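Okay, structure first, notes after.
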Amino acid sequence: MELDYTDRCHFISSHVECGRNIHYMNYLKFIFCTVGATNMHDYIGGFFIVCIMCVYLFITLGTTADKFFCPALAVISKLLGLSENLGGVTLLAFGNGSPDIFTSLLNTHGDTELMYTQLIGGAAFVTGFVIGAIMIMRPFKLEWKTYVRDVLFFTFAAIYIHSSIHDQLYEIYEGFLTVGIYLVYLTVVIIEHFIHKRTLKKLKESSSRSSSAEIEEDILKKLAELEVLSEIQIRNRKNSSVIFTEEMTAALRKEFGENRNESLFQKFIRAINPLDKRSWNESNCLGKFFMIIKAPILFILTLIIPVVDYSEELHGWSKLLNMLNIIILPQMILLSIHQFTYMIYGYVSLALLIFIISIAIDIAVYMTSRNDCPPKYHVAFAVGSFAGSILVIYNVAKEVVSVMTTVGIISDLTDSMVGLSILAWGNSVGDVFANIALAKQGYQQMAFAACFGGPMFNSLLGIGLTFIIKGIRSDNNLAHTREGAMGPNCILFLVLILLFTLFALLCTDFVCRRSIGCFCIAMYVIFLLYCFLGEFEVMHPYGTDHGMT
């Protein structure tokens with residue numbers, strides 16, 4: 001950035017370091033070479049185009065989470081008998097966090113400063129900003145036992161990580177203990193879930209034998225509480241939720257006859273239409289404009305990812321469209337993981353083999369399903385919807401990281417500051433849209449649990465496994481670490497956000513009010529302000545030593 005505008009393109013093209021953070025597109029090259037930023041006006045124009053592209057990426061994330069990911073997650077949680085809390089700390093946390101874990105493990109040779117501040121800064125962002133946004137959007141009554149458990153575990157984990165990394169040496173046993181903390185947390189969550197399930201079963205048996213009205217009322221009250229803790233309730237967003245049974249299927253068969261493919265192409269055209277007629281008529285001009293912008297994204301996503309949503313007509317089932325999804329989704333997964341041209345034993349194309357298998361599955365679906373009601377195995381499409389959504393969210397989020405990294409390079413920030421702000425936001429953008437979309441659909445407990453489960457999964461496993469691998473590769477089983485000047489800031493404010501939010505909720509009997517949401521966001525903004533003031537040397541960060549001389 002210190003070079004003249006005319007020299008920047010040559011510099012970017014001749015230095016491989018400028019392409020380190022490319023996912024699909026080289027945004028630095030686009031701004032300074034493709035657009036031809038030979039002066040300030042071209043540079044601003046190219047940067048503006050990149051910002052517009054970033055907004056479109058955010059729209060893609062929001063659409064994927066709201067239309068495909070959240071409904072599929074609810075259906076899978078219901079199928080597995082998971083509660084909202086357990087679904088949040090397992091399925092949602094693993095789905096959003098696994099790509100970041102793999103990314104950390106692939107960069108074990110790199111400097112730990114960027115990785116550390118990115119993970120801990122991302123945890124502060126999710127537990128501060130995202131939790132605050134959920135409270136503001138959908139105030140609700142929190143299950144206090146699960147929340148207190150999560151806060152205490154996360155606070156202990158954060159303090160332990162800081163105490164282990166502060167001397168810039170991470171012994172291999174400390175890495176195993178870091179991973180062990182997460183495994184203990186996950187074990188406690190699962191045990192609590194099965195205890196609630198068992199207690200619920202006993203209460204239901206007791207309720208069926210009880211004859212006293214007074215006892216019955218107490219049992220019913222306890223049943224309602226345990227049902228919230230032990231199993232997810234499918235939320236009806238459009239007053240059209242219908243669980244199809246054998247009797248309903250038989251009735252439809254009797255009404256429409258044995259014609260399995262009644263209105264096959266008409267329903268296919270209606271299913272791929274991204275502009276819903278009812279929503280269009282009910283929207284104002286701004287809403288219609290947004291629907292038009294979102295239409296191309298929704299059209300492409302509908303062709304790739306199957307819809308399994310109990311609030312949609314026929315649960316989102318469209319026979320011809322779902323058959324098309326079976327063919328397209330596996331090929332897109334191969335493209336995403338860069339295995340589309342892979343040859344098995346050098347002779348058989350993996351893409352061709354999967355295509356043939358997809359055709360065989362399509363023939364089976366065509367022969368065994370109807371167009372007027374979803375088949376018994378429609379829930380299997382929820383797994384495909386979940387996997388496809390994770391695929392899209394991961395790739396789009398990585399593209400957002402590329403954009404934000406470009407912004408960090410242009411703004412000339414240090415690694416610590418880039419990690420705790422730009423990279424933390426970029427890597428957490430999937431969690432933001434998924435959790436907020438869940439809260440909007442009524443699954444606040446799951447979204448809240450994921451705001452702890454996700455960062456704990458990323459931080460404990462990301463840091464623990466990375467330092468275990470670094471320790472194994474070293475001669476003395478020690479991993480040399482750096483938390484950077486902003487590392488102590490991240491840990492300190494993460495603990496403050498966790499404990500202050502706990503204190504605020506204690507004062508409201510764990511009712512998540514909008515005022516507490518504003519408080520959480522304000523805490524995160526103060527954290528950012530403090531870090532930026534330290535970055536520009538207005539004040540000293542906690543990670544620097546400025547003793548009296």
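Observations
- Residue within the stretch 277-295 that is closer than 24 Å to His378 by Cα and of a type outside the set (Lys, Arg) present: no
- Residues that are under 14 Å from Gln331 (Cα atoms) and hydroxyl-bearing (Ser, Thr, Tyr) were ranked within the stretch 342-373; the one that is least open to solvent (accessible area, probe 1.4 Å) is Ser358.
- Qualifying residue in the stretch 172-190 (condition: open to solvent by less than 50 Å² (accessible area, probe 1.4 Å), touching a strand residue (DSSP E or B) at 6+ places or on another chain (Cβ under 9 Å), more than 20 Å from Gly454 (Cα to Cα) and assigned to a strand (DSSP E or B)): no
One line per residue, one yes/no per condition, for (1) at pLDDT below 80; (2) crowded, with 24+ Cβ neighbours inside 10 Å; (3) acidic (Asp, Glu):
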position: Phe69; (1), (2), (3): no, yes, no
position: Ala72; (1), (2), (3): no, yes, no
position: Leu79; (1), (2), (3): no, no, no
position: Gly87; (1), (2), (3): no, yes, no
position: Phe94; (1), (2), (3): yes, no, no
position: Asp100; (1), (2), (3): yes, yes, yes
position: Asn107; (1), (2), (3): yes, no, no
position: Gly110; (1), (2), (3): yes, no, no
position: Ala124; (1), (2), (3): no, yes, no
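- The listed residue being over 16 Å from Ile300 (Cβ atoms), at pLDDT 85 or above and β-branched (Val, Ile, Thr), out of Ile337, Ile354, Ile328, Ile344: Ile354
- Enumeration of residues in the stretch 1-35 that are of a type in the set (A, V, I, L, M) and either without any contact (Cβ under 8 Å) to a residue 12 or more places away in the chain or surrounded by 14 or more Cβ atoms within 10 Å (Cβ to Cβ) (or both): Leu3, Ile12, Val16, Ile22, Met25, Leu28, Ile31, Val35
- Of all positions in the stretch 305-314, none carries a residue that is of a type outside the set (A, V, I, L, M), more than 29 Å from Glu262 (Cβ to Cβ) and open to solvent by 30 Å² or more (accessible area, probe 1.4 Å).
- Hey, Gly419 open to solvent by less than 10 Å² (accessible area, probe 1.4 Å), over 17 Å from the mean Cα position of the chain (by Cα) and in contact (Cβ under 8 Å) with a residue 40 or more places away in the chain or not: yes
- Residue among Leu301, Leu335, Leu329 that alone is under 21 Å from Thr64 (Cβ atoms) and touching a Lys or Arg at 6+ places or on another chain (Cβ under 9 Å): Leu301
- Taken over the stretch 459-507, the criterion of being part of a helix (DSSP H, G or I), closer than 25 Å to Gly180 by Cβ and open to solvent by 30 Å² or more (accessible area, probe 1.4 Å) is satisfied by Leu465, Ile469, Lys470, Ile472, Arg473, Leu492, Leu499.
- Residue in the stretch 424-439 that is open to solvent by 10 Å² or more (accessible area, probe 1.4 Å) and over 14 Å from the mean Cα position of the chain (by Cα) present: no
- Between Ala437, Ala364, Ala380, Ala397, the distinction of being part of a helix (DSSP H, G or I), modelled with pLDDT under 85 and farther than 24 Å from Phe48 by Cβ belongs to Ala437 only.
- Flag for Ala424 being of a type in the set (A, V, I, L, M, F, W, C), in contact (Cβ under 8 Å) with a residue 24 or more places away in the chain and touching a Ser or Thr at 6+ places or on another chain (Cβ under 8 Å): yes
- Residue in the stretch 36-49 that is part of a helix (DSSP H, G or I), farther than 30 Å from Gln444 by Cα, in contact with a Leu (Cβ under 9 Å, 6 or more places away or on another chain) and in contact (Cβ under 8 Å) with a residue 24 or more places away in the chain present: no
- In the condition set (1) in a loop (DSSP other than H, G, I, E, B); (2) in contact (Cβ under 8 Å) with a residue 24 or more places away in the chain, Leu528 is compliant with all but (1).
- So Ser358, is it among the hydroxyl-bearing types (Ser, Thr, Tyr), free of Cβ contacts under 8 Å to residues at least 24 places away in the same chain and outside any strand (DSSP E or B): no
The values are calculated or read from the model by the stated rules, or taken from the named source; none is laboratory data. Quick caveat: nothing in here was measured; it's all calculated off a predicted structure. Cβ coordinates were reconstructed from backbone atoms using ideal geometry, including for glycine residues, and neighbour counts include every protein chain displayed. Please note that ligands, DNA and RNA were not included when accessible areas were found on the heavy atoms of the full protein model with its side chains. Shrake-Rupley method; radii C 1.70, N 1.55, O 1.52, S 1.80 Å.
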